[in-house]
Structure formats: structure tokens, C-alpha cells
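S.K.: I'd like to ask you about the structure that follows.
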């Protein structure tokens, strides 16, 4: 029997940790990436990586609290067993990265320094300046290079993943990849294929994502039958620097280190911001959310910034929407030590030193909570069975998905500094499961009849030839992409309305037709970036439709998915008794909504269309409860809700545990 | 600050090459001026509408890019004679410095051209293999935290580890010369890569790899393999090739103290060589 191999698509944190773990287990890996893996999008992650730690533990924190913050912040759409396992591994993952040489910031005594991030009251976040993703990625890149020298890893850098190879039984047997320079196609037989390709930000045109984050790898799996979960849950980061080519992230850590968001109380106050006295500044997050202040979860901060600019007309500038993110009260030396990387980015691209002048920022598309549907095996303690080959396997046997392109961990809204953890964790935890998978099979993919692989390559050659041979047309792929980004950004970001979503679906269908006839300026066969882009553009449409349809059908508000027409109301009665009565009705409605909508949206591809269905979410560890950050009447709702939760908890140990912890944020 | 008279058109001159081993040629493009453009957005506009100044439709210019915020290192090229990342090369700033209004884009000259502005930087990563730029941990099981480190140690290591392998220091280094391994007819990709790696291994490793060797030699666990890294720096293409021109540190976009690293490595290699002599 030929040697069994695994193909990993994508060399960011998830793909690299998977490759490194498989190598340790003695399994050979073919690692495929559009860019040299050291340049993967994980380099853009800035703020840090979360785990419960020795200091927070003594303040009452625990892995369970990390789980609770994650699912509460995610509005209970997270699958709790994998999240529990992730939070349990958190401290171990950070210890490992420390051993690998990550230059985490240190305390005076030499321990890892920690800072606070959104959606928690604990300082859980370890960080390396403000380039934590880069530093973590480099550590994994270095380990994988070591395994490359040992002969266990073959890298295919500057290669595009064209399609998974699926046999007649519907089992994945490898991948077709394409050399971006020679344009040649190659079949890689594999006994498991792991998709670790990150997010689909390019569907929105400009976002905080890198240019290779086009979603094509996930889409190509969807188009051969892989299910896609929770597509409509797209995180819009509250703070980014608007730019012509990209919206550059300004990390949440800026607020974690004391940064304050404000606008002048007088609309478009022309004064130098430093001369505007405190009384004439509106620190709207601090006023509206006295408990979490500037560190409310991202979906909330984003909506407030949007609201202050769009509805209150308080944007700092008249011609473009932005608010101040102010660090100027923090000593320069501290800023340089903890946030240097991001402040340099602002200075470089805006020409202004944010240590002296408040930054101007606005929300931007940032992360996809949704992704390829995958299975898992739940353990008796409520986490994952480590080593189970079901963990992170898609509905296509032998095809796996990890990292940003899976869908379990972040529910309806991801907490800051949880993504680096989920990416590294999924790589590490799924490795042993793949080992189980490989040892269970009696044949190696490389021994299968060569026709399977030849046919797969031929199909991809045919697809490319058909695009190159198109007759000249007035349709330009880059123009279509601009229009796609525009319609997606308008319809499916911060505020969503059904009429706009319907109209966007029609526009997207039109754009898809135009993309099918768009002709290329470059028809050559050497480093043809035109044809690669055109293919990835076409593959954006299934995911774009899944996002829009998912958003259209989900008539509720949950995390990043906000539909004002279906928002739960504030309590309005003037008296406390009146509000308690209202709170009863509010809680009834909340329970109905929970029963209806604590469901994963599952999109499947059907001859060009996306079909939706809904699937239960495992909330067995922490039952859903109202997410009340900042709602008027929160206090009364909390009273009513806690009474109900306590009644229900009789006889249910998990629920009792949840009820015993402070169940609801009071403001 | 921003030049008072903004041009209506931005004049772009691009050095093009259709493939490895082919001769290069120049093309001119005019892009309507907009505020706040960078080289990436200009190249995107050329890709969307690849017409030269004289109205001829040509193949779009090929170039590499990734993060667009100067942390991935992909988009390095030579802009108006200076090697740098094209994402952080802002048009308004370039126009201030080049009053002629022309912006000249060339591929890096020390790496083989793949096409247009795309170059093959496999040698950069090969040099990281040569100096064993990693911490040789026993494995990835939970073994508790790494050794404690002082804040001073972290603050010394962090700038060195910000290196994104972009190639600027190598482009600027007079001792770092181009190595281009031509493909042979009928040769497989693997055979070619093996041959290229052998050629890269005896050529100068460059400031980038020396800096990485220092980073790992200073790491509390990484130092256990210090001797192997110093051995590598004593081989052909090692630190002795450095002519101390100090161009590397001047062009590094991350302001990494490359010459300090080189000096540190130089001393360590000397001590190591003397020790070996007496062994």
C-alpha cells in the first residue's frame, strides 16, 4: 500500500497547527497555499489570544466562565461542546505557543502579560505587541519549516485549490491544485483533505481581510455538496481605518489598553479634537454601557458607532462617516510597548501620529462566524472526544474544515481574541482524529485507479479553457467584483432589512450572469492572475447567496445579525411593577424566539441555487438567556429571567450551574 | 504635506517581463488622479482596464500582494528606485517626492522575475532552513509554559521577530547577488526545486537570515541549537560575505536593527570558531 497522506488547504494558523501536529504524529502532509504560508492572513490579527489564566482564576475566572462569555457573546448560536473543549485547551495552547518562542509581552516578573478584550470582565488576553497573529503565525511557520526539512511536509506555495476530488461513493480522495505561475494543474491524492482557508471577506469588496481571502476554497467544496453553516453571521469590526483598497483593522486591543471612543457633542465640531473639553465630548459607549464601557462585544460597538453617525448625525467628518478612537491620554512609552504595530499602521497610512491625535475610525467587515458545516463527537463531560475521526469532518467523508472556515465556535458574534485560539486549537485537536481516520482505512488514496485523478484534472482544465476562450464582451470581472462588494456591503452588514436583502439577491443573480460571460484581458498561460481572479469571482456567488438568503429568512436579531424590524423592545412602563409585568411578556417572547431561532442555518448548493434548512444547536451546557447589554429594563428582565431559570434548573445540573453563576449582565 | 497642485493623471511607468529568462520592456499607463491612492490601488485600476498611455490594450501587469497593511511582506517592489512595500507607498507622498509626476515600478533585481513585478523569493525561505530558524521543541503535547523571560529579553527579541521575509534588505545589499537557476527541459518541479535550493545554499544568506539566527540563538530554548546555527553562518554564503555596507538596516520597513544583529552574530561566530579550533 502506498503511504497515506493528508492535504491541507491553507497555511494560516489553523492549517499550520494542523500540519505541525500531523507531522508530529508521523503523517505526511501536502500543504497548499495561495501565498507563501508565512504571508497568510493570520498575520493581520493584532490584539491577542484568550485563555483563562492563573491571575484571572483567582478573581473568579475559569474555563467554564470563558465558555460562558463566548456563548453569551455569541448569542447562543455556538455549538457548546467544541467551545467547551476549546476553552479547556486555552491555557495549554498559550503555554505551547510560549514554548515555540512567541515573543509575548511580559510582566515585570517575567510572566506573560495579559490585557482585557471585549465581552469579558477578565484580563484573559495574552499578546505580542499589537502583532500577535503575526507572531503566532511565524512560530507555527517555523515549526512547519522544520518538518519540511525532515521530509514530512511538502509545500505547494503559490498554488490555488481548484476542487476536492470526490469518488463515485461521494468520498473525498484528494485535491486538484493549480500552480499560479506555470498555470499547470496537479492532482494530489489524499486520505483526508483539510480546508483551512480562512474567511470570505472579498465577497464584500473591501474588508479588513487580505486579498486572498476570497472564500473560493470553501465555495468549491460547497459546490460539490459540502454543507455551509450560518453564512449570514458576518462580523463587522467596530474600528477600522477606511481606505481606497482596504479597510485596515484597528485592533480592539486599542480599547483594551484604555482607548476611548467618542464624538463631539456638537455635530461636526470643527475644532482640533484635543481642544474640545471633556464636557463637550460624547463618550457614547461609556454612557450607554456603564459596565463594559468601550469593551462591549463587537456587534454592539459596531451598531452604536453606526447609529451615532447615521441616525444621530454625529459623525466627526461631514463628508465621511467616522468617530474618534482616542489613545492620546496614555503615555507614549506604554503605547509603543503594547500597541506599536497598529499605531504604526495608522501613522503610515493616514500620515497622522495617533499617539498625538485621536484616530478616525469606522466599522468594517472583518470575520465570518459561519463556515463549512462539520460534525463532532461529544464526550461524556460535555466537550469533544479527542481522537474521534468525526471531529471537524464535513458531510463529505474524508473532507475536513478547521479555523475561520468552520462554523461552530463563534455563534452569532465572535469575541475578540477568540479566533486565534479557535484556529490553533482546531488544528491541534483535529490532528489525532485524522490519524484515527487514516488508520481505519485499508487502502491509500494513491493506490486508487488513476482515472479518478486524471478526470478531476481534465474537468478543471476544461473549466479554465472555457473561461479563456470566451468571446470578447463588455463585462469586466473587476468591475463586477466592485459591484458585488457594493451590494453586499449595503445589504448584509450592520443593519439588515428584508426589502434590501431581496433586492440584493436579485442584483447578485444578475451579477452572476454577467460574470459568466465576462471576458479576460489576459488569455495567456503563464502567471495569469486574470483567470484565477475570474474563477474566484464566480465562486463568490454561492456564498454571497447563502449570506443573503440566510439573512433574509432569519427574522430576528441575534449577535451580528440585526434586523430592526424584528428587534426585541425595551421596557417602557413608568413603574417598576409595570416593567416587571412587561418583563414577563418579554421573557415569553424571548423563549418563543429561542425555540424558533437557536438554530444553525444550513445552506446547500443545488444546481446554482442555495437551499436553506435549519439544524438544532447543542446548548446543553449553558441554556440560552437574554443578552441584555444596555437594554432599557434589563434589571427587571433579569429578575424575571433568573426566577424562571431557577425553576427550570430543578433536576438539571448543567442549568443549575449556569443559574448559580451571575446569569445575566445587568447592563 | 499634500502637494497643492494635484495632477489630473498619475503617470505610471512599469518595467515588464513576460516570463523567466525573457527580456524586459517598459510600458506607460495614465491613471486618473484620486485622493488617498496607493500603488496597490493603481495596479488594481490597471488590472481592471489594462490600456497603455497610447491607447493599446495589453495584458494586465502581474504583481504580488496580500495583507495591504505592511505586515505580510508580499508586495515588495522597487518604486522610484527604492525597494519597499507597494501597499504603504502612497501616491500623494510619492508625487511630493517626484515632482516630475512619474512613478516608476520595477521588480526587485536580486530575485528571478516570474512575470512583471512578481519575483521568485524561494531563496529567502531556503535561508531560514539553512540557519535552522526555529525552536526545536520536543513536541506539541502540554508540557507547561516556556521558560520565564524578562521584559528586557522580550523587548529585545520582539523587533527581530517582526521580520516578514519581504526581501528589502537583500535587494539593498551589495553583497547579495542574484541567483537564477534555469529550468531544464523535462525536469520535474521537485528536481528543479532541489537544484535551486542547492544553489541558494552556497550563496549569501543575507541580513534577514542572520537576524533570524540571532533571534533563535537568544531564545532561552532556541539557544540549545546555537552551535548549529553558527556553523551554518560559517559555511560558504555565511556571515563573512557581509561587507558592512549597512544598506539593509536603512531600507528595512520594520526598522529591525539588522546591523546590530549582524555584529552580534559576527562576534558569536568568532568565539565559536576559536572554540572549535581548540576542540
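Read-outs throughout are calculated quantities, based only on the coordinates presented, and are distinct from any laboratory measurement. All of these numbers come straight from a predicted model, not from anything done at the bench. Cβ coordinates were reconstructed from backbone atoms using ideal geometry, including for glycine residues, and neighbour counts include every protein chain displayed.
S.K.: What's the extension gain from residue B:183 to residue B:245 if we count 0.36 nm per residue and subtract their Cα-Cα distance? Could the numbers behind the result be given before it?
M.R.: Working: separation 62, 0.36 × 62 = 22.32 nm, distance 3.29 nm.
Between residue B:183 and residue B:245, full extension yields 19.0 nm more.
S.K.: Taking every pair of alpha-carbon atoms in the range A:489-621, give the share separated by more than 17 Å as a whole percent.
M.R.: Working: 6137 of 8778 pairs.
Within the range A:489-621, distances greater than 17 Å cover 70 percent of Cα pairs.
S.K.: If I take R0 = 51 Å and measure r between the Cβ atoms of residue A:523 and residue A:615 in this structure, what FRET efficiency does the formula 1/(1 + (r/R0)^6) give, to the nearest 0.05?
M.R.: On the way: r = 44 Å, r/R0 = 0.86.
For residue A:523 and residue A:615, the calculated efficiency is 0.70.
S.K.: Let me ask another. Length gain on complete extension for the stretch residue A:448 to residue A:466, per 0.36 nm per residue less the alpha carbon to alpha carbon distance? Intermediate values should be presented prior to the final figure.
M.R.: On the way: separation 18, 0.36 × 18 = 6.48 nm, distance 2.87 nm.
Once the chain is fully extended between residue A:448 and residue A:466, it gains 3.6 nm.
S.K.: When all alpha-carbon pairs of the range B:121-278 are counted, what percent fall beyond 23 Å? Intermediate results must be reported in sequence, preceding the final value.
M.R.: Details: 5113 of 12403 pairs.
Cα-Cα pairs of the range B:121-278 separated by over 23 Å account for 41 percent.
S.K.: Continuing with this model, one more query. Taking the 0 to 90 degree range and rounding to the nearest ten, how far is the long axis of helix A:332-350 tilted relative to the main principal axis of chain A, both from C-alpha atoms?
M.R.: 60 degrees
S.K.: Let me ask something else about it. Taking every pair of Cα atoms in the range A:314-472, average 1/r, invert it to obtain the Kirkwood radius, and report Rg/Rh to two decimals.
M.R.: Rounded to two decimals, Rg over Rh is 1.16.
S.K.: Something else: Would you mind ranking B:178, A:378 so that the residue whose beta carbon has the fewest other beta carbons within 10 Å leads the list? Spell out each step's value before the answer.
M.R.: Numbers: B:178 15, A:378 20.
Lowest count first: B:178, A:378.
S.K.: I would also like to ask the following. Rounded to the nearest 5, what is the percent of antiparallel bridges among the DSSP beta bridges in the protein assembly as shown?
M.R.: Working: 66 of 88 bridges.
Within the protein assembly as shown, antiparallel bridges account for around 75 percent of the total.
S.K.: Moving to a separate point now. Quick check: the angle from helix A:477-491's long axis to the longest principal axis of chain A, C-alpha only, nearest 10 degrees?
M.R.: Helix A:477-491 sits at roughly 30 degrees to that axis.
S.K.: Got the relative contact order for chain A handy, in percent, Cα pairs under 8 Å and 6 or more residues apart?
M.R.: 19 percent
S.K.: Could you state the principal axis extents of the C-alpha atoms in the range B:1-69, from the largest down, to the nearest angstrom?
M.R.: Sorted largest first, the three principal extents are 43, 32, 20 Å.
S.K.: Quote the relative contact order of the range B:121-278 in percent (integer), defining contacts as alpha-carbon pairs under 8 Å separated by 6+ residues. Present the calculation step by step, with values, prior to reporting the outcome.
M.R.: Details: 180 pairs, mean separation 53.8, N = 158.
Relative contact order for the range B:121-278 comes out at 34 percent.
S.K.: Apply the Debye scattering formula to the range A:362-416, with a single equal point scatterer on each alpha-carbon and no solvent, then give log10 I(q)/I(0) at q = 0.14, 0.26, 0.31 Å⁻¹.
M.R.: Treating every Cα as an identical point scatterer, log10 I(q)/I(0) equals -0.44, -1.06, -1.20.
S.K.: Using a/c under 1.5 as the rounded threshold, could you call the range A:573-660 rounded, prolate or oblate? The axes a ≥ b ≥ c are square roots of the C-alpha gyration tensor eigenvalues, and prolate needs a/b larger than b/c, oblate otherwise.
M.R.: On the way: a/c = 3.38, a/b = 1.68, b/c = 2.01.
Oblate is the answer for the range A:573-660, as a/c is 1.5 or above yet b/c matches or exceeds a/b.
S.K.: Sketch the reach of a paramagnetic label on residue A:509 as a point 7 Å from Cα along Cα-to-Cβ, and name the residues of the range A:592-620 whose backbone nitrogen lies under 12 Å away.
M.R.: From the range A:592-620, the list is A:609-610.
S.K.: Please compute the modelled spin-label separation between residue A:182 and residue A:25, points set 7 Å along Cα→Cβ, answer in nm with one decimal.
M.R.: Taking the two extended label points, one gets 3.1 nm.
S.K.: Once every DSSP H run of n ≥ 4 in the protein assembly as shown is given -39500 (n - 2.57) and the sum is divided by its residues, what mean residue ellipticity at 222 nm do you get, rounded to the nearest 500 deg cm²/dmol? Please list the in-between numbers first.
M.R.: Working: 28 runs with 365 residues, N = 946.
Counting only the DSSP helices, I get -12000 deg cm²/dmol.
S.K.: Using label points projected 7 Å from each Cα along Cα→Cβ, tell me how many nm separate residue A:381 and residue B:234, to one decimal.
M.R.: Each label point lies 7 Å from its Cα, and together they span 5.0 nm.
S.K.: Still on this structure, please answer the following. How large is log10 I(q)/I(0) at q = 0.12, 0.15 Å⁻¹ when the Debye formula is applied to the Cα atoms of the range A:253-395, each weighted equally and without solvent?
M.R.: Taken in order of the listed q values, log10 I(q)/I(0) reads -0.61, -0.80.
S.K.: Take the alpha carbon gyration tensor of the range A:426-554, find the square roots of its eigenvalues, order them as a ≥ b ≥ c, and report rounded if a/c is under 1.5; if not, report prolate when a/b exceeds b/c, else oblate.
M.R.: Here the range A:426-554 falls in the oblate category.
S.K.: Between the range A:43-106 and the range B:237-267, what's the alpha-carbon centroid distance in Å?
M.R.: That distance is 38 Å.
S.K.: First check a/c for the range B:117-170, with a ≥ b ≥ c the square roots of the eigenvalues of its C-alpha gyration tensor; if it is under 1.5, answer rounded, and if not, answer prolate when a/b is larger than b/c or oblate otherwise. Please report the intermediate quantities before stating the final value.
M.R.: Numbers: a/c = 3.25, a/b = 1.66, b/c = 1.96.
It comes out oblate by the Cα gyration axes.
S.K.: Okay, moving on. Assuming R0 = 41 Å, can you tell me the calculated FRET efficiency for the pair residue B:199 and residue B:6, based on Cβ-Cβ distance, to the nearest 0.05?
M.R.: 0.30
S.K.: Tell me, how many Å apart are the Cα centres for the range A:603-619 and for the range A:467-509?
M.R.: Using only Cα atoms, the two centres lie 22 Å from each other.
S.K.: For the range B:58-131 and the range A:244-280, write down the distance between their C-alpha centroids in whole Å.
M.R.: So the two Cα centres are separated by 33 Å.
S.K.: Among A:599, A:84, rank each residue by its count of other Cβ atoms within 10 Å, from fewest to most, as a rough exposure measure.
M.R.: On the way: A:599 16, A:84 27.
Going from least to most buried by this count: A:599, A:84.
S.K.: Give me the extension gain from residue A:171 to residue A:589: residue separation times 0.36 nm, minus the current Cα-Cα distance, reported in nm with one decimal. Don't skip to the end; give the middle numbers.
M.R.: Values: separation 418, 0.36 × 418 = 150.48 nm, distance 4.39 nm.
In short, 146.1 nm is gained.
S.K.: Take every Cα-Cα distance within the range B:213-279, group them into 5 Å bins from 0 onward, and report for each bin the whole-number percent of pairs it holds.
M.R.: P(r) for the range B:213-279, in whole percents per bin: 4, 16, 24, 25, 18, 10, 2, 1, 0.
S.K.: Tell me the angle of helix A:63-73 to the major Cα principal axis of chain A, expressed in degrees between 0 and 90 and rounded to the nearest ten.
M.R.: Rounded to the nearest ten degrees, it is 80.
S.K.: Then there's this: Once you place label points 7 Å from the Cα toward the Cβ at residue B:192 and residue B:96, how far apart are they in nm?
M.R.: 4.4 nm
S.K.: Counting other beta carbons within 10 Å of each Cβ, put B:25, B:33 in order, fewest first. All intermediate terms of the calculation are to be shown ahead of the outcome.
M.R.: Numbers: B:25 10, B:33 15.
Going from sparsest to densest Cβ surroundings: B:25, B:33.
S.K.: Relative contact order (percent) for the range A:491-566, with alpha-carbon contacts under 8 angstrom and 6 or more residues of separation?
M.R.: Computed over the range A:491-566, the figure is 48 percent.
S.K.: Would you work out the Kirkwood radius for chain A? I mean one over the mean of 1/r across all pairs of different Cα atoms, in Å. Provide the component values of the computation, followed by the final result.
M.R.: Values: mean 1/r = 0.0392 Å⁻¹.
Here the Kirkwood hydrodynamic radius works out to 25.5 Å.
S.K.: I need the Kirkwood Rh of the range B:1-129: take the reciprocal of the average 1/r across all distinct C-alpha pairs and report it in angstrom. Before the final figure, lay out the partial values.
M.R.: Numbers: mean 1/r = 0.0658 Å⁻¹.
For the range B:1-129, the Kirkwood estimate is 15.2 Å.
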